[in-house]
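What follows is a short report on a single structure.
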Amino acid sequence: MSYKILVTGAYGFLGRHTAKHFNTLGYEVYALGHGVWQQSELDEWGVNHWLFGDVTLDSIQKMKVKFDLIVHCAGGGSVAFSMNEPMKDFQRSVESTLAVLEYMRLYNPEAKLIYPSSPAVQGVHADMPIKEDDDCNPVSPYGVHKKMAEDLCLSFAQHFSLDVSIIRFFSIYGDYLQKQLLWDAANKLMNHSEESIFWGTGNETRDWIHVDDAVSLIACIANTSDMPAIINGGSGKKQTINETLTTLNTALGTERNFTFNLEVREGDPKYYWSDITNATSIGWEPKVIFEDGVRRYAKWFKEQQ
């Protein structure tokens, strides 16, 4: 009998890659969330059972399945959305997480939960690797809500003996990503004949982790016991935004001129750079070199044009 996994938010970028990865590992994949799939897409992404709807206690119960593993990818996806729609972001991130935890407490306490979170819970940080136990001071509703969801996970683990792991993913990228910096930048560089202008100074840093490495970390944690409750998911290397855009520009073959407006958007951190000591201590390591991953992304992006 195959293991059963529930992936919430499976229509999204990380969710669909997670579903596909665990399907290839032999899991029976149940998925819950929003989005319209064609049957061919469900087959392509390894989704055996799809339920359209919000992540609620009732919707999870409706599946009538005891899960071995739950990967809760549903939730708010950006700082900008949380600034414009804070209530909806709260519902997507906090209320959905509470629903998953309550479902486990009442009906499926033997399941393992993996919750993909974000270093946004820690807010402003110096230009040095961020550790899991560094202070948390979120500077956006997105970060606040992720922190609330993390606290719920830790509370249910402590008080109800649930098996919960939190991964603070840094900047995940890869094929099928249709939002955030690489997507926006690729559209500008490919479709604008004049100079492209980007936010910030270009000296801000990000730690890019390819989605293949992200799902391999999820799989590694799914099969590991006695580990830290919170683990960073990153490459352990930093790239400036200027370096990132230069790499993308070359990979696209556009060689466009670009500049920065020297303005910082509210809620955007200046530095993101992960300490991945805890992740590597359980036998995981990132495999995809950033330049190779960007070339793959550029190839995929151009195929969509």
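We did not get these values from a lab; they are worked out from the coordinates using the rules stated. What you are looking at is a predicted structure, and each value in this text was computed from that prediction instead of being measured. Glycine also receives a Cβ, built like all others from the backbone with ideal geometry; neighbour counts cover every protein chain displayed.
Once the Cα atoms of helix 241-252 and of the chain are each reduced to a long axis, what angle between those two axes, in degrees from 0 to 90 to the nearest 10, is obtained? Roughly 90 degrees between the two axes.
Across all directions, the average flat footprint of the convex hull enclosing the Cα atoms of the range 220-305 is 8.1 nm². Helix 96-107 and the long axis of the chain differ in direction by around 20°, with both axes built from C-alpha atoms. The amide H of Lys112, built 1.01 Å from its N in the peptide plane, has Leu69, Ile70 as neighbours under 5 Å, considering only residues 5 or more places off or on other chains. Using a cut-off of 28 Å between Cα atoms, the listed pairs Lys188/Lys270; Lys4/Lys131; Lys147/Lys237; Lys20/Lys64; Lys62/Lys179; Lys4/Lys302 include Lys4/Lys131; Lys62/Lys179; Lys4/Lys302 as exceeding that distance.
Calculation over all alpha carbon pairs of the range 1-115 in 5 angstrom steps from 0 returns a P(r) of 2, 13, 24, 24, 19, 11, 5, 1, 0, 0 percent.
Since only Tyr3, Asn48, Ile167 are under comparison, the one whose Cα sits farthest along the positive direction of the charge dipole of the chain, derived from C-beta charges on Lys, Arg, Asp and Glu, is Asn48. The Rg/Rh ratio for the chain, using Cα coordinates for both the radius of gyration and the Kirkwood hydrodynamic radius, is 0.96.
Shape class for the range 264-305, computed from the alpha carbon gyration tensor (a ≥ b ≥ c): oblate, with a/c not under 1.5 and a/b at or below b/c. Peptide packing for 200-209, 115-124 was compared via the average number of neighbouring C-beta atoms within 10 Å per residue; ordered from the highest value, the list is 115-124, 200-209. Near the amide H of Leu51, within less than 5 Å, lie the amide hydrogens of Ala31, Leu32, Gly33, all on another chain or at least 5 residues away, with H placed in the peptide plane.
When the charge dipole of the chain is built from unit charges on Cβ atoms (+1 for Lys and Arg, -1 for Asp and Glu) and taken about the Cα centre, the candidate among Trp37, Val139, His21 whose Cα reaches farthest toward its positive end is Trp37.
For the peptides 226-235, 59-68, 10-19, 274-283, residues were scored by their other Cβ atoms within 10 Å and the scores averaged per peptide; the highest-first order is 10-19, 226-235, 274-283, 59-68. Relative to the globular-protein estimate of 2.2 N^0.38 Å, the Cα radius of gyration of the range 122-242 stands at 1.25. Computed from label points 7 Å out along Cα-Cβ, the spacing between Ser225 and Asp134 is 3.3 nm. Here the ratio of the Cα radius of gyration of the range 173-283 to 2.2 N^0.38 Å is 1.25.
Amide H contacts for Gly233 (H built 1.01 Å from N in the peptide plane; partners 5 or more residues away or on another chain; cut-off under 5 Å): Arg168, Phe169, Phe170. Using the alpha-carbon atoms, what tilt in degrees (0 to 90, nearest 10) does helix 211-222 show relative to the longest principal axis of the chain? That helix lies at roughly 30 degrees to the long axis.
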